[in-house]
Amino acid sequence: MPRLNPDNLQRALDLIALYPQPRSALIPILHILQEQDGYLSEDGMNHVGELVGLEAVEVRGTASFYDMFHFEPVGRYLIAVCTNIACMLQGAYRLLEHAEERLGVAPGGTTADGMFTLEDAECLALCGNAPCLTVNWRFFGDVDPEGFDALTDDLRNGRLDDEVPPHGTLIRVRRSVGLAAAGPTDEATPQSAEVGADVDAGPAPHRSTGPAVELSTHRTTTATNVVDAAHLEGRQ
Ligand code: FES
């Protein structure tokens, strides 16, 4: 599905409506495209370019600046093992070698069943819990080979589906945003941005006529029981 489906197209249009210039919505729309397809296809980027008024080369040139975008299909779970200095000193290369053996792929490779892509990553900013890795941008710290096996078993069997969405989906929380560009202001209710209204908790009081969009980059803190949750909370 190289182009945005109807639901995602509407999300993209809602995002564009938030900004004075449509191109300002480029990055969040690219995240929607990647969430949908698992990577940024040429067709998909062309489509996004049409939506925001940019040439395809401008879309690709911008997207290629960012590590979190992929231009080839990746596995359902992108496992990035940090091998930078703190993790290296704590056994990161032993962990990476074990991951290669366990998954049967080298860094950059994807397992034949399309479940896992393995990456050798630079510092993931979780040095205090070295060696560490991320799975679709969710942190896992103090990972030893046995922990890696347990983690991949959990992922393969769907036991972490609530914590680790596929293909690096960023969105975990619905955010209601009202900006001046989004629509007329209600005089009786001050212009404001309502942030962090949880989907399960229902929408927060909405004081703007702007569209509600899913825009959050909230990262789960419960994906791992080996990382101190309070420590992670401080990172968000
Ligand atoms: S060196 Fe591995 S997270 Fe910083």
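Every read-out reported here was derived from the displayed coordinates using simple, explicitly stated rules and does not represent laboratory data. Keep in mind that this is a model prediction, so the values were computed, not measured. When we count neighbours, we look across all protein chains shown, and the Cβ atoms used for this are built from the backbone with ideal geometry, even at glycine.
Some notes on this structure:
- Kirkwood Rh in Å, taken over region 8-103 so that all alpha-carbon pairs contribute: 15.2
- Calculated FRET efficiency for the pair Phe65/Cys123, C-beta based, R₀ 22 Å, to 0.05: 0.75
- The packing ranking, built from the mean of other Cβ atoms within 10 Å per residue, places the peptides 108-115, 33-40 in the order 33-40, 108-115, highest first.
- Shape parameters for region 1-62, alpha-carbon atoms, Rg then Dmax in Å: 10.2, 29
- Rounded to the nearest whole angstrom, the semi-axes of the ellipsoid equivalent to region 47-149, taken from the Cα gyration tensor as √(5λ), stand at 30, 16, 10, largest first.
- At R0 = 25 Å, FRET efficiency that the Cβ-Cβ distance of Ala56 and Asp7 yields, to 0.05: 0.60
- Inter-label distance, Asp154 to Glu72: 3.0 nm, where each label sits 7 Å from its Cα along the C-beta direction.
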